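Inspection log for the structure reproduced underneath, given as structure tokens.
Throughout, read-outs are computed from the coordinates displayed, never taken from laboratory work. As the structure is a computational prediction, the values presented were derived from the model and not from experiment. Glycine gets a Cβ as well: all are built from the backbone with ideal geometry, and neighbour counts include every protein chain shown.
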Amino acid sequence: MSYWDILADATETLTHGDLRAAERAYSEARGLRERSPGRVFWSETVGDAARRLWRGLSGGEAVSEETRWHNETDLFLAAFRTASRESLERAHRALITPEIFGAPDRLDLFSLIVHLTTRSELSDLTTMDPHPFGAGALDAALSMGVIPPADVVPADAPLSAEARLDLVRRGARTLSVETVPPGGGDRVEDLASVLLSLLDPDYFTQADHEEERRWFSALLTDQFLKRHIEAAALHTAYLDLPAPRPERYEESRLRAGEILGNVTGTYLSVPRYDDARAYLDTMSMSSPDREQRRRTALAALDQRIPKASAAWATIASAGDTWCFVLWQDDEPRDLMTWRTGDDPA
């Protein structure tokens, strides 16, 4: 297809209301034109000259000196920006009266406005604040029980610290939906990564934001990104706060113990049982569920750690990997691995 054909497709797509697809087609046409200097010369420069000569000889009206390409792209851009403003008006109505719009329509509409206000190269709405529309998209996804594409979060926009935390709160609620559709695993990770990027400490200067920033950094890294070793450090950083929220403090203390002790999974090649026990032994939990988890974790540590009497180990190596099985009498209690270059700490 020539770039004229692609531009025509972009214009047709725009008339059907698909602004993002229209912009992609327009960008493709523009890129193809820039890579086709010979065709530009023959179809535009020579063609314009021939048309002007013909109209001059036939007594027709004078032709604009702008090329056909510039005429048609100007028309496309004007139509695109008109459609953008119309979409923005609908989005404002959806924010004010969401009940008259279905959740799928709100998600699509708000996602479009986030694109037009943050990423579009053609839109004239880039001075608009995208935060209300990103928040609306996350709320619509939550009401549908789906994980939205990560680009509904305007992570590259110059957002305030409070707007960042608001989007992270809403996003964490959306990620917590129990039913993840097929293929939703990748979307969970993508959305969690974008939300985590909002929490970069460079964007937060006020101490009263630090509690939530640290908590959600640990939560997203642990529960949704599954980067548990990194999450353990974030949980312990939360515990260092002067005034953490009690229920979050308990959860972070519990998770630090579970991760460092390899209680809920194999996270560390060499578990840190002393550190894990220090977090778990400190005090009981206020909720029955967390207290049961604490007791289960402590029982697992007691079972794994060999007693001084009749404790021994078997060692095997393969390449640069060493495996250690710890035994109590004739019962295997724990498995550790070490690779050349690993830091056991």
Practice item. Please determine, in degrees from 0 to 90 and to the nearest 10, the orientation of helix 3-15 with respect to the longest principal axis defined by the Cα atoms of the chain, where the helix direction is its Cα long axis. Key: 70
Practice item. Along Cα→Cβ, 7 Å out, is where each label goes; now give me the distance between the ones at Asp108 and Thr67 in nm to one decimal. Key: 3.6
Point to revise | Residues with amide H under 5 Å from that of Tyr267, placed H, sequence gap 5 or more | key: Asn262
**Study point:** Folded to 0 to 90 degrees: helix 228-239 orientation relative to the chain principal axis, Cα
**Key:** 80
Practice item. Once you have the Cα-Cα distance between Asp320 and Ala278, take 0.36 nm times their residue separation minus that, and quote the gain in nm to one decimal. Key: 11.9 nm
Exercise for review: Sort His131, His70, His209, His235 so the one with the fewest other Cβ atoms within 10 Å of its own Cβ comes first.
Suggested key: His70, His209, His131, His235
Check your understanding: In 5 Å bins starting at 0, how do the alpha-carbon pair distances of the range 198-345 split up by percent?
Key -> 2, 9, 16, 18, 18, 13, 10, 7, 4, 2, 1, 0
Review point. Considering the values [x] 1.40; [y] 1.47; [z] 1.88, which represents Cα Rg over 2.2 N^0.38 Å as calculated for the structure under consideration?
Key: [y]
Practice item. Return Leu165, Leu280 ranked ascending by Cβ neighbour count within 10 Å, so the fewest neighbours appear first. Key: Leu165, Leu280
Study note, to complete from the structure: With +1 at each Lys and Arg Cβ and -1 at each Asp and Glu Cβ, the charge dipole magnitude of the chain around its Cα centre, to the nearest 20 debye, comes out at 200
Point to revise | the range 238-264 and the range 5-35: distance between their alpha carbon centers, rounded to Å | key: 52
Study note, to complete from the structure: Between the Cα axis of helix 103-118 and the main Cα principal axis of the chain, the angle (0 to 90°, nearest 10) is 70
Exercise for review: Among Asp5, Asp330, rank each residue by its count of other Cβ atoms within 10 Å, from fewest to most, as a rough exposure measure.
Suggested key: Asp330, Asp5
